[in-house]
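Report on the structure given below.
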Amino acid sequence: MKSISFDTGINEYDLGGKVTVHFNPTDVGFLEKLSESFAALDLIQEEVKLSQEEITDEKDVFNLAKNLDGKMRDILNALFGMDVCTPLFGGMNLFASAGGLPVWANLMLAVADEVEVCMQGELKKREAKISKYTAKYHV
């Protein structure tokens, strides 16, 4: 039996030296999930912000943060199709800040940056390949 090999664009990414994920950063399906995840996570972040203004009992604030942290973890894990939150963040609440942003946002922005770089690279490769073939037929 013959085997045909081809490039799927699926790359292996090491996230923070803690977990390895696989995805094609130019896959429209992945980009849609990334966009939807960003929107859902941002809504949860806003919910916490509004709730902190309304909730005065400290214990209620902590319970809300714990509950919403679980929802955020579900969103991030679904994006990658595996548990990335446990190895990356352990028991840290995803609302914790690092570098001025919540840790969940740092992860998402790093992925978005990679998507942008890969999209630009693929466009350049595509143009080079297409021009190679179209050049033959230009008089």
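The values are calculated or read from the model by the stated rules, or taken from the named source; none is laboratory data. Remember, predicted model here, so these are calculated numbers, not experimental data. Please note: Cβ atoms are built from the backbone with ideal geometry, for glycine as well, and neighbour counts cover all protein chains shown. We work out accessible area using only protein heavy atoms, side chains counted, and drop any ligands, DNA or RNA first. Shrake-Rupley method; radii C 1.70, N 1.55, O 1.52, S 1.80 Å.
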Report summary line: Rounded to the nearest 10 Å², the accessible area of MET92 using a 1.4 Å probe with every protein chain kept is 80
Requested in this report: Using the Cα centre as the reference, give the magnitude of the dipole from point charges on the C-beta atoms of the chain (Lys, Arg: +1; Asp, Glu: -1; all else neutral), rounded to the nearest 20 debye.
Outcome: 1040
Report summary line: With Cα coordinates, the longest principal axis of the chain makes an angle with the long axis of helix 103-134, in degrees rounded to 10, of 10
Query - For ASN11, residues with placed amide H under 5 Å, excluding near neighbours - result: PHE23, ASN24
Query - Highest-MSF residue in the chain out of LEU107, LEU79, LEU43 [GNM, Cα springs under 10 Å] - result: LEU43
Report task. Identify, among GLN120, ASN77, LEU101, the residue whose Cα sits farthest towards the positive end of the charge dipole of the chain, taking +1 on the Cβ of Lys and Arg and -1 on the Cβ of Asp and Glu, with the dipole about the Cα centre. Result -> GLN120
Query raised in the report: What is the chain by shape, rounded, prolate or oblate, if you read a ≥ b ≥ c off the alpha carbon gyration tensor as root eigenvalues and call it rounded for a/c under 1.5, prolate for a/b larger than b/c, and oblate otherwise?
Result: prolate
Report summary line: Tilt, helix 28-54 to longest principal axis of the chain (alpha-carbon atoms), in degrees rounded to tens, equals 20
Query raised in the report: With labels modelled as points extended 7 Å from the Cα through the Cβ direction, what inter-label distance (nm, one decimal) is found for ALA98 paired with THR26?
Result: 3.0
Query raised in the report: With springs only between Cα atoms under 10 Å, which of THR56, THR26, THR86 fluctuates most in a Gaussian network model of the chain?
Result: THR56
